[in-house]
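These notes concern the structure reproduced below.
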Amino acid sequence: MSDTLSPGATPPAPDPSPPAAAATSPDHAGGDAGRRGRWSGRASRAGALAACVLLLLAPPFYVSSFWLQTGLFAMAAVIGAIGLNLLSGTTGQLSLGHAFFLAVGAYGYVWLAADPSGAGSARLGGLGLPPLPAFVLAVVLAGAAGGLFSPISGRLRGMYLGIATLALVFLGHHVMLNAQEITGGFNGRSVPALEILGFSFSDTSPDGLAVLGVPFGGLERLWYVGLALVAVAWLAARNILRGRPGRALAAVRDSEVAAAVMGVPLTRYRASAFIVSSMYAGAAGALLALVFKRVVPDHFGLLLSIDYLAMIVIGGLGSVGGAAAGAVFVALIPQLLTKYADHLPLLTAPGTAGSGVAPGEAARYLYGAAIVVVLVFAPGGLAGLAHRLSRRSGDGTRRIRRFPLRTRRTASGPQGVEGTTPKEHTQ
């Protein structure tokens, strides 16, 4: 049968019905679902961030001084842990001397802000600078101490760097005990209150300050200083990790040979990471001094450095959020055990006689158990565990990777069956 028309034949009338609508491909549907999932994810993250900010701003109005002080200890731990994570988690350099740089920040602030007092062997020196510049200079002083150590940190690695930094802790403790004019010796020194534009972050100036009918003393005022410092430390670390320095530091950690081939100056980046980590530790030490109101040498010992290592291991190496979570965990446990020692079995309250375990020792037992559990069941720490739980998005979509570079999303059907793409037939 021929497809041509015979002469005089009438051509067929066109079909008046509109063409059938093309069926939506599963790839297009999956893309729409993916976009909806991303928008919903962003909205949920924004809502969670807003709720978190409101939650952090509220405690001075509702909680007691004990919880405010505990929260400030946790904030200082978060700042120091983020700095140590940049050094050990991101760059891969082991440091056991973090407590030394916290001491430099704490005593540096006291010496810079305090006025000279006493005479003879009881004389205490000081520059009498305004507290805010003294705080900033204390952070810079801690960074300078890290810079003096950077020729060593830039050339050593692994266990050798850990032993070298361990020497800093014992050297610093010796200096704190014997440099009495600067540190006050064994008894330590009282800490000048922070003051900004005449507003004192202490119980005075202005005296009797109340906000919404709630008395605002020194801890209430310092709470918001701590929040601001944590926010600055968090954002700075995130910017470092997401930029070229963060990629270079990660390359140094993963393979020094590959990093050198790509043109990364290994010594310079290792030294820079040590300086930045020291500045974070200096800020944490200065905040601790403001909260304690008195600094003593025994607080900045080897156990404090081990506590910071426990923070980053439990939280997750290389993660800013993980370091913060681990710091909160490690900072809160001793305070909670001390407060509720009378109500917990096998514990003895501080200052009382008994055969139980002291809260500080019990806290370190818990740290050890937590580290073992993390290393065995969640090597990525709390950050890795959270990442695994959030790997599947909430809209039922799952990412499928195809070799070599193609990535698409497929939407789950009503029965949970993934949509498939029809094969393309070629002639």
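Numbers at a glance
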read-out: Overall Cα dimensions of the range 303-346 - principal axes, largest extent first, Å; value: 38, 20, 13
read-out: The range 72-111: mean projected area of Cα convex hull, nm²; value: 3.0
read-out: Carbon plus sulfur fraction of accessible area for the range 117-269, probe 1.4 Å, in percent; value: 68
read-out: Where the Cα pairs of the range 154-205 fall when distances are cut into 10 Å bins, in %; value: 21, 24, 24, 23, 9
read-out: Built amide H within the under 5 Å cut-off of Arg294, gap 5+; value: Val191
read-out: Rg(Cα) / (2.2 N^0.38 Å) computed for the range 65-204, rounded to two decimals; value: 1.16
read-out: Accessible surface, 1.4 Å probe, highest first, among residues Arg391, Arg157; value: Arg391, Arg157
read-out: Calculated FRET value between Ala43 and Ile152, using beta carbons and R₀ = 56 Å, to 0.05; value: 0.70
read-out: Overall form of the range 135-248 per C-alpha gyration tensor (a/c, 1.5; a/b vs b/c); value: oblate
read-out: Karplus 3J(HN,Hα) series, Hz, for the range 74-81 with 6.51 cos²θ - 1.76 cosθ + 1.60 (x for Gly, Pro); value: 5, 5, 4, 5, 4, 4, x, 5
read-out: Inverse mean reciprocal Cα-Cα distance (Kirkwood Rh) of the range 127-180, Å; value: 13.0
read-out: Environment charge at Phe274 (Cβ cut-off 13 Å; Lys +1, Arg +1, Asp -1, Glu -1); value: +4
read-out: D (Stokes-Einstein, µm²/s), Kirkwood Cα radius, the range 248-303, 0.692 mPa s at 37 °C; value: 241
read-out: Lys293 accessible area, assembled protein chains, probe 1.4 Å, Å²; value: 110
read-out: Cα-based shape type of the range 60-129, given that a ≥ b ≥ c are square roots of the gyration tensor eigenvalues and the cut on a/c is 1.5; value: oblate
read-out: Long-range HN-HN contacts of Val357 with modeled amide H, under 5 Å; value: Leu347, Thr348
read-out: Convex hull volume per residue for the range 210-344, taking Cα atoms only, in Å³; value: 153
read-out: Calculated FRET value between Val211 and Leu336, using beta carbons and R₀ = 30 Å, to 0.05; value: 0.65
read-out: Packing-based ranking, highest mean first, of 135-142, 209-216 given that Cβ atoms within 10 Å are counted; value: 135-142, 209-216
read-out: Solvent exposure, largest accessible area first (probe 1.4 Å, DNA, RNA and ligands not counted), of Asp307, Asp115; value: Asp115, Asp307
read-out: Reference-scaled alpha-carbon Rg (2.2 N^0.38 Å with N residues) for the range 186-267; value: 1.86
read-out: Karplus-derived 3J(HN,Hα), 6.51/-1.76/1.60, for each residue of the range 287-293, Hz, glycine and proline x; value: 5, 4, 4, 5, 6, 5, 6
read-out: Percent of Cα-Cα distances greater than 15 Å, calculated over the range 276-371; value: 68
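The values are calculated or read from the model by the stated rules, or taken from the named source; none is laboratory data. All values derive from a computational prediction rather than experimental measurement. Heads up, the Cβs are rebuilt from the backbone with ideal geometry, glycines too, and the neighbour counts pull from every protein chain shown. Ligands, DNA and RNA are stripped out before the accessible areas are found, and what is left, the full protein with its side chains, is counted by its heavy atoms. Shrake-Rupley method; radii C 1.70, N 1.55, O 1.52, S 1.80 Å.
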